[in-house]
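**Student:** One structure coming up, written as structure tokens, with questions to follow.
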Amino acid sequence: MTTLTKTSSGGTGLFGSFSPKDLAPRLGTSKEMVRIFLRRYYPETHVKNKAWNISPELAKQIEKDYRNLVQVRETEKKLRIEKELAGEPE
């Protein structure tokens with residue numbers, strides 16, 4: 001049985017599909033930042049001038065990868081600040 005699910009962006013996909021607008025609230029960022037992330041780390045997910053069509057499985061992987069990247073960047077920032085406070089050169 002095939003089900004069509006309406007996404008929050010108004011698109012309809014087979015078994016549901018996602019766009020950057022749908023993923024943004026889940027990732028706690030803007031749709032523009034999601035697009036930048038997708039173009040850099042998942043270039044195969046988008047064809048220029050075409051609608052985004054991200055499967056639920058890929059959306060889960062994107063969410064995991066995005067959260068991991070954010071965590072790494074936050075850790076790097078924290079270490080940089082700690083070095084600065086300790087007076088260590090970069």
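The numbers here are math on the coordinates, done by the rules we state, and not lab data. All figures in this text were calculated on a predicted structure; none of them were measured in a lab. Reconstructed Cβ throughout: ideal geometry from the backbone, glycine too, with neighbour counts over all protein chains shown.
**Student:** Suppose we keep only residues that are more than 9 Å from the chain's Cα centre (by Cα) and of a type in the set (Lys, Arg) within segment 22-40. Which one would you say is surrounded by the most Cβ atoms within 10 Å (Cβ to Cβ)?
**Tutor:** It comes out as ARG39.
**Student:** Considering only segment 49-56, I want to know if a residue exists there that is more than 13 Å from the chain's Cα centre (by Cα) and of a type in the set (A, V, I, L, M, F, W, C).
**Tutor:** yes
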